[in-house]
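Encoded as structure tokens, the structure appears first; notes follow it.
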Amino acid sequence: MSFDGLFTKAMVNELSRSLKGGRINKVHQPYKNEVILVIRANGVNHKLLLSAHPSYARVQLTNEAYENPSEPPMFCMLLRKHLEGYILEDLYQVENDRIIIMEVKGRNEIGDISYKQLIIEIMGRHSNIVLVDKTRNIILDSIKHISFAVNSHRAILPGHPYVFPPEQNKKNPFESTEEDVLRLIDFNSGKLDRQLVDHFAGTSPLFAKEVIFQSGLANRASLPKAFIGLIKKIQSDNLLPSIISYGNKEVFYLFPLEHIKGEMKTFSTLSEMLDRFYFGKAERDRVKQQGHDIERLIINEKEKNEKKIAKLQDTLVEAEKAEQYQRHGELLTANLYSMKKGMKEIEVLNYYDEDGGTVVISLDPRKSPSENAQRYFSKYQKAKNSVSVVIEQIEKAREEVLYFDNLLQQVQAASPKDIQEIREELIEGGYIRERQKRNGKKINNAKPVLDLFQSSDGTDIIVGKNNKQNDYLTNKLAARDEIWLHTKDIPGSHVVIRSKEPSDTAIREAAILAAYYSKARNSSSVPVDFTKVRHVKKPSGAKPGFVIYDNQQTVYVTPDEEVVLKLKKN
């Protein structure tokens, strides 16, 4: 676990320097398990993210933009009542655990001084955010309600006294010496990293493995020195927050981890590192929760049309036998004199064969000779007429597959605000029913909100991330002589450079955005077409987001998340 007790201590130190003595001006709750506090301190507005997400629980300053719901949740309303306008007097960690307490002071509705505690417990799926009346030690509310039926040690419910989680009775590493390490660790039992975690508060397997690696042979002489050395490094606050990428995994920590071999990125602050590490991860999880039904529907529709194509192609193969049915009918007509009712087959001279061979034709014994001949002529006529219909149906089914393949890519790259637009598109297309709205409001027809980026040379670049945004960007917003980009023959976003004569740098960076927001995000050397908007056309009756274009040029780029982040910050 990266966000361990040691990481919590360092984060509290970082936050205290920026926030202590600040005023809480605004409270938002953009998502079910996350709260944003806007705190004015040292002449600057800081956004403090408090997350009780089961997988991404953390506390950090953030520069990311979060979209707030139209109606704030009840917990958010309660926090606004008790925290807005209050002063953050102190911020500290409980012992060496992953618990942070924010001490706030302000005046209540009748003007009396009031003291509250906002307690953030960072404990994986048990994470929570709890507002406590400090004077009475009574819980006012929490972002998650926990009853005694779930936790026999304590209940996290309004009106109950706040009780800390059970103590683990571990040694505080910041008060430990090399002798303490020697006394607590049994070198003959093995699993030294596990022993470190079991005996020292706030240490995680990640930190313990680094201690073992730093100690080399991990004996009685080297292990205590490595452990105390890393603890002193944390105490000195001389840290270099790092993200290490290896294989398909990423980990972060207070300082570079030498026991993990991979690509390393360093950052100036812990919060900056966490913004980078969680870029897209937590949002993707929220999208998965909000759009699970949409993704399942899209996959089902795509698979249904793929099966339909396979069946239609079998029908087409059968239809291609039309000429053979015609010949059999003509051969039977020429040999009616030798046929009798009740025959199952007949062998006749095949006068279509230049070598003069024979052919065996199957018959329906229940039909007369002329009826059997007519049966083949009917099959010929039916097969001939069906060819054009089947080809048309195959083409339509292929368009549906392409459409849903494109939608699937959009869902996988969507932000929470994009999911609602995709849902509205599917409702308008008749693929899903519109949910009954309690307030009777119709589908939101507001203009789509597009993602804005800026190239290194200052040129604005706009990206559409779903069909509604793509149609609006290409057909309404973009000027005719601005530059339009899209991945070549690959589902992806429409991208527009707000310039008639963009630089090569702007084109290359816009192409990277087009590749990144496409199905080829994890590929290299992705072909991206670009042309003027005037050369992009939407065919009459085409699916949302579908266009054709010409006069294009092609550039090859490799999607790079670092470049995308940089262009977004610009």
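Is it true that some residue in segment 550-562 is on the phi < 0 side of the Ramachandran plot, in a helix (DSSP H, G or I), in contact with a helix residue (DSSP H, G or I) (Cβ under 9 Å, 6 or more places away or on another chain) and in contact (Cβ under 8 Å) with a residue 60 or more places away in the chain? Yes: one or more hits. Checked against the criteria, Ser152 does not count as outside the structural domain of Asn128 (by TED's automatic domain parsing), small (Gly, Ala, Ser) and either at pLDDT 95 or above or surrounded by 14 or more Cβ atoms within 10 Å (Cβ to Cβ) (or both). Looking at Phe174, Phe164, just one residue is touching a residue at least 40 places away in the same chain (Cβ under 8 Å) and either part of a loop (DSSP other than H, G, I, E, B) or touching a Leu at 6+ places or on another chain (Cβ under 7 Å) (or both), and that residue is Phe164. Take segment 136-193 and flag every residue that is under 21 Å from Glu95 (Cα atoms) and among the charged types (D, E, K, R). Arg154, Glu167, Lys170, Lys171, Glu175, Glu178, Asp180 - these are the residues of segment 136-193 that are under 21 Å from Glu95 (Cα atoms) and among the charged types (D, E, K, R).
Reported count of residues in segment 30-50, each being at pLDDT 95 or above and of a type in the set (S, T, N, Q), is 1. Among the residues of segment 221-270, the ones that are closer than 28 Å to Asn63 by Cα, modelled with pLDDT of 90 or more and in a loop (DSSP other than H, G, I, E, B) come to 10 in all.
When the residues of segment 313-339 are narrowed to those that are within 15 Å of Lys382 (Cα to Cα) and hydrophobic (A, V, I, L, M, F, W, C), which ends up nearest to the chain's Cα centre (by Cα)? Per the stated criteria, the residue is Leu316.
Just for segment 474-501: of the residues that are surrounded by fewer than 22 Cβ atoms within 10 Å (Cβ to Cβ) and under 17 Å from Pro527 (Cα atoms), which one is nearest to the chain's Cα centre (by Cα)? Of everything passing the filter in segment 474-501, Pro491 is nearest to the chain's Cα centre (by Cα).
In this structure, is Phe277 in the same structural domain as Val181 (by TED's automatic domain parsing) and either within 25 Å of Gln409 (Cα to Cα) or of a type in the set (A, V, I, L, M) (or both)? Quick ask: steps written out before the conclusion?
On the way: in the same structural domain as Val181 (by TED's automatic domain parsing): yes; either within 25 Å of Gln409 (Cα to Cα) or of a type in the set (A, V, I, L, M) (or both): yes.
In short, yes.
Of the residues making up segment 85-102, those that are under 18 Å from Val38 (Cα atoms) and either among the hydroxyl-bearing types (Ser, Thr, Tyr) or surrounded by fewer than 17 Cβ atoms within 10 Å (Cβ to Cβ) (or both) are Gly85, Tyr86, Ile87, Glu89, Asp90.
Residue-by-condition table, conditions (1) within 26 Å of Asn42 (Cα to Cα); (2) not in a strand (DSSP E or B):
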site: Leu78; (1), (2): no, yes
site: His82; (1), (2): yes, yes
site: Tyr92; (1), (2): yes, no
site: Met102; (1), (2): yes, no
site: Ser114; (1), (2): yes, no
site: Gln117; (1), (2): yes, no
site: Ile139; (1), (2): no, no
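Residues satisfying the criterion are absent from segment 217-236 (criterion: on the phi < 0 side of the Ramachandran plot, in contact with a strand residue (DSSP E or B) (Cβ under 6 Å, 6 or more places away or on another chain) and buried (at least 20 other Cβ atoms within 10 Å of the Cβ)). You will find that of Asn305, Asn335, the residue that is surrounded by 15 or more Cβ atoms within 10 Å (Cβ to Cβ) and free of Cβ contacts under 8 Å to residues at least 60 places away in the same chain is Asn335 and no other. Can you find a residue in segment 195-218 that is free of Cβ contacts under 8 Å to residues at least 24 places away in the same chain and charged (D, E, K, R)? Within segment 195-218, none of the residues are free of Cβ contacts under 8 Å to residues at least 24 places away in the same chain and charged (D, E, K, R).
Out of Glu306, Glu283, one residue alone is at pLDDT 90 or above and within 27 Å of Glu421 (Cα to Cα). It is Glu306. Within segment 44-62, track down each residue that is surrounded by fewer than 18 Cβ atoms within 10 Å (Cβ to Cβ) and among the small types (Gly, Ala, Ser). Within segment 44-62, Ser55 is the sole residue that qualifies. Restrict the check to segment 71-80 and report whether at least one residue is touching a Phe, Trp or Tyr at 6+ places or on another chain (Cβ under 7 Å), under 27 Å from Ile419 (Cβ atoms) and in the same structural domain as Ile138 (by TED's automatic domain parsing). No: zero hits. Contact map, segment 228-249: residues that are under 17 Å from Asp4 (Cβ atoms) paired with residues that are surrounded by fewer than 17 Cβ atoms within 10 Å (Cβ to Cβ) and among the small types (Gly, Ala, Ser), Cβ distance under 8 Å, separation 6+ or inter-chain. Pairs shown: Pro241/Ser268; Ile244/Gly262.
Within segment 311-330, residues that are of a type in the set (Phe, Trp, Tyr) sit with their Cβ atoms under 9 Å from residues that are part of a helix (DSSP H, G or I) and crowded, with 18+ Cβ neighbours inside 10 Å, at 6+ positions apart or across chains, in these pairs: Tyr325/Tyr376; Tyr325/Lys379; Tyr325/Tyr380; Tyr325/Ala383.
The values are calculated or read from the model by the stated rules, or taken from the named source; none is laboratory data. Because the structure is a prediction, the values reported are computed rather than measured. Heads up, the Cβs are rebuilt from the backbone with ideal geometry, glycines too, and the neighbour counts pull from every protein chain shown.
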